[in-house]
Amino acid sequence: SLVIRSFIQKYNGSLFNVLARIQTDYVAEKLKTLYPDVLLEIVAMSTIGDKILDTALSKIGEKSLFTKELENALERNEVDLVVHSLKDLPTTLPNGFTIGAVLQRESPHDAVVLHPKNSGLTLDTLPDGSVIGTSSLRRAAQLKKKFPHLEFKDIRGNLNTRLKKLDEKEDYAAIILAAAGLKRMGWEARVSQVLGPEDCMYAVGQGALAVEVRARDCDILGMVSTLHHSETVLRCIAERAFLRRLEGGCSVPVAVNTEVKDSVLSLTGAVYSLDGADSLKEAMETSVDSGNKVEESADIQHVGVTAHNVPQCAQVAAEKLGVDLADLLLSKGAMEILTTARKLNDAR
C-alpha cells in the first residue's frame, strides 16, 4: 500500500500547535475514508514563524516563515503532503509545488473572545480605552475605524497561548481570533460575537484548509484533488488573485468578502491605512457557470491551486475577477495607501 507522510508542527520536543494537529488529522481521516488502503503517517516538525512569539506577525516577514521548512521537507521527499491554513500560504508558491486540495470552508469570519469579567458585552459596549488583542493589521485597521473608543495591541502565540494570556491577565478586555480555528478546537462557547463584513472583512483564504503537494506527483495530486470543494476553490482563487495583484501580505491591511450564488461569484475587496482612516473598497462579480461544457483535466495552476475537478473556465473567471478588482483599486490609489502602511509598519 502507498504510504503518505504528512506533517504536524512540533516545538521543543512536544506538540506545539494543537490546531495544526487537529487540521492534519481532519484531512488524514478524509483521505482514509476515500482510500482505506493508503497508510498515512504524520511527521512532526516546526517552523520559524511558530518559534518567534515576541514579535508582531506584521514585523517578522512574509508568510513563507510558516511554510519554508515544510516545503523543504516536501522537496526532500521526507513528506508527501502538507496541511496548511490557506491564509498562511503565499499567493506565489515556489517552483515545483502546488495546492492540490482546498477543502470546504468553515466560517471565514473573525470572532470576539471576551475576558471573563466582560461577559455579556460587545465591542460596542466595552468601556472606553479597553484593550483588544490582535496579531492582524487587517483586523486592527478596520476595527479602529469602526470602534474608535477601543485600543488595539499585538498578541502572539497559538490559540491556547492567546486564550491563556486573555484569561489569566488583565492586559486585554478581549481578543479577536478566526472563528474557524475556535470551532476546530471545540471552543465555540468562547465566542461572544462574530464580526460580519460590515464590521470586519476577513483575510484572503481565511477558514479554508489547503493541502500542498509536489506538482510532479500525479498520483498524490489526483488523490488529494478529490477533497476540493468547488465553491471554496473559486472563492479562494479570486481572493488570492486579488491579493497577489496588490502585492499584499502580512505587512499590509487587505481584506475581502466573497460569495457564490446562482453561479455568480461576487468579490468585495478593500485596502486600509494602519489606523483605518484611509481606505478603498470596491466590489465586482462574474459568472462561474460552466454550463454543460466538458473540459479535459489540466495541470494548470491558478494562484498556486491545481483543481482538476473544477471547470477551467470557472477558475479562469475567478482569477480574472480578483485581478480586475485589484486593478480597479490600484487605479483609485490603493498602492499609495499600501505603500504608506508598509513604511509605517516597518518604522514601528
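For residues that are over 12 Å from the mean Cα position of the chain (by Cα) and open to solvent by 10 Å² or more (accessible area, probe 1.4 Å), scanning just region 236-250, find the one that is modelled with the lowest pLDDT. By that ranking, first place goes to GLY248. Checked against the criterion of being open to solvent by 10 Å² or more (accessible area, probe 1.4 Å) and in a helix (DSSP H, G or I), the candidates GLU259, GLU231 yield just one match: GLU231.
Only one of the numbered conditions (1) touching a residue at least 40 places away in the same chain (Cβ under 8 Å); (2) surrounded by 17 or more Cβ atoms within 10 Å (Cβ to Cβ); (3) β-branched (Val, Ile, Thr) is not met by ILE155, and that is (1).
Being modelled with pLDDT under 95 and among the hydroxyl-bearing types (Ser, Thr, Tyr) is the filter here; which residues of region 304-347 pass it? Within region 304-347, THR339, THR340 meet the criteria.
Taken residue by residue, region 167-186 has no member that is in contact with a strand residue (DSSP E or B) (Cβ under 7 Å, 6 or more places away or on another chain) and of a type in the set (Lys, Arg).
You will find that of THR268, THR226, the residue that is assigned to a helix (DSSP H, G or I) and assigned by the TED database to the domain that holds ALA317 is THR226 and no other.
Residues being in a loop (DSSP other than H, G, I, E, B) and touching a Ser or Thr at 6+ places or on another chain (Cβ under 7 Å): count how many of those fall in region 168-189. Selection size over region 168-189: 1. You will find that of VAL79, VAL83, VAL102, VAL112, the residue that is within 26 Å of LYS169 (Cβ to Cβ) and touching a residue at least 24 places away in the same chain (Cβ under 8 Å) is VAL112 and no other.
Taking (1) under 21 Å from the mean Cα position of the chain (by Cα); (2) buried (at least 17 other Cβ atoms within 10 Å of the Cβ); (3) of a type in the set (Val, Ile, Thr); (4) farther than 22 Å from THR24 by Cα in turn, VAL131 satisfies each apart from (1).
If you go through region 295-341 and keep only what is open to solvent by 70 Å² or more (accessible area, probe 1.4 Å) and under 21 Å from GLU282 (Cα atoms), you end up with VAL316, LYS320, SER331, LYS332, GLU336, THR340. Report whether or not VAL211 is part of a strand (DSSP E or B) and within 28 Å of LYS32 (Cα to Cα). The answer is yes for VAL211. Residues in region 90-108 that are open to solvent by 60 Å² or more (accessible area, probe 1.4 Å) and modelled with pLDDT under 95: THR92, ASN95.
Can you pull out the residues in region 168-192 that are surrounded by 14 or more Cβ atoms within 10 Å (Cβ to Cβ), under 26 Å from ASP128 (Cα atoms) and not hydrophobic (A, V, I, L, M, F, W, C)? Steps first, please.
We begin by selecting, within region 168-192, every residue surrounded by 14 or more Cβ atoms within 10 Å (Cβ to Cβ); these are 172-185, 187, 190-192.
Cutting the leftovers down to under 26 Å from ASP128 (Cα atoms) gives us 172-179, 190-192.
Passing the criteria: TYR172, ARG190, SER192.
When ALA111 is tested against (1) open to solvent by 10 Å² or more (accessible area, probe 1.4 Å); (2) modelled with pLDDT of 90 or more, only condition (1) is not met.
The values are calculated or read from the model by the stated rules, or taken from the named source; none is laboratory data. From a predicted model like this one, the values you see are computed outputs, not experimental measurements. Note: ideal-geometry Cβ built from the backbone for every residue, glycine included; neighbour counts use all protein chains shown. Ligands, DNA and RNA are stripped out before the accessible areas are found, and what is left, the full protein with its side chains, is counted by its heavy atoms. Shrake-Rupley method; radii C 1.70, N 1.55, O 1.52, S 1.80 Å.
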